[in-house]
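Input: a single structure, listed below in structure tokens.
Any read-out appearing in this document is the output of simple, stated calculations on the displayed coordinates, not a laboratory observation. What you see is a predicted model; the values in this text were computed from it and never measured. Cβ placement follows ideal geometry from the backbone for every residue including glycine, while neighbour counts extend to all protein chains displayed.
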Amino acid sequence: MSSNWKYQVIEVKPSLMGSYKPDALQEAMDKQGRLGWELVNVIVPGPMYPALLVFKRPQ
């Protein structure tokens with residue numbers, strides 16, 4: 001059985017010091033979870049770049 005997935009990418013920007021606030025990450029993940037999205041990956045390209053949260057859900 002194959003499933004069709006829809007994907008969404010959310011950016012979470014770092015603070016001025018380059019770190020990520022746990023509350024901001026939690027809020028972004030909780031919001032998407034309430035909308036039916038499942039977190040599948042977190043990509044941090046490098047220091048001072050936004051974290052990319054990758055979500056999926058069935059179409």
- Looking at this structure, is Glu27 among the acidic types (Asp, Glu) and touching a residue at least 12 places away in the same chain (Cβ under 8 Å)? no
- Message: Out of the residues in the range 41-59 meeting the condition of being closer than 16 Å to Trp5 by Cβ and touching a residue at least 24 places away in the same chain (Cβ under 8 Å), tell me which one is farthest from the chain's Cα centre (by Cα).
- Response: Gln59
- Residue list for the range 1-15, restricted to those being under 11 Å from Tyr49 (Cα atoms) and without any contact (Cβ under 8 Å) to a residue 24 or more places away in the chain: Ser15
